[in-house]
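Let me begin by presenting the structure, written as structure tokens, before commenting on it.
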Amino acid sequence: GRLEVVGVHGILHLGASQVGLCKAQKLAQASHIKLTNSVALPVQVDGEPFWFARDGEIEIRHRGQALLLAHSIESSHAVATDMVEWALQHNVINVQQRNRMLKEIA
């Protein structure tokens, strides 16, 4: 078994990738991963927010498989629609972009 490490460009990219509107950038696959950093940054580990401290180090090893529970397609569509509406309300996207995205989700 291997772990997959992906990267996103911000909270909107993270949300969009979690509901299937876009894909996170694949960075690596391995059974053992060691991450170090020179600046503090927010990360997400197993779906949980985590503050990665400056000069921090995280070591992850694949030890086996676990059951993964996932949202239904209907639930994912509702989250995606909510996210698109939020983006419109906060002037991240315009009405034309919103309509195009909602058409893709449907």
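Rule-based calculations on the coordinates, nothing more; no lab input. Please read all numbers here as calculations on a predicted model, not as lab measurements. Neighbour counts run over all protein chains shown; Cβ positions are idealised from the backbone, glycine included.
Normalised by residue count, the chain yields a Cα convex hull volume of 123 Å³ per residue.
Projected label points at Val6 and Val39, each 7 Å from Cα along the beta carbon direction, are separated by 2.4 nanometres. Taking a ≥ b ≥ c as the square roots of the eigenvalues of the alpha-carbon gyration tensor, region 18-61 is classed oblate because a/c is 1.5 or more while a/b is no larger than b/c.
FRET efficiency for the pair Trp51 and Gln97, taken as 1/(1 + (r/R0)^6) with r the Cβ-Cβ distance and R0 = 30 Å, rounds to 0.40. Within the chain, what is the longest stretch that has no trypsin sites (Lys or Arg not before Pro) placed in a DSSP loop and near at most 16 other beta-carbon atoms within 10 Å? The answer is 64-106. Helical content of the chain, expressed as a calculated mean residue ellipticity at 222 nm, amounts to -10500 deg cm²/dmol (DSSP H runs of 4 or more residues, -39,500 (n - 2.57) each, divided by residue number, nearest 500).
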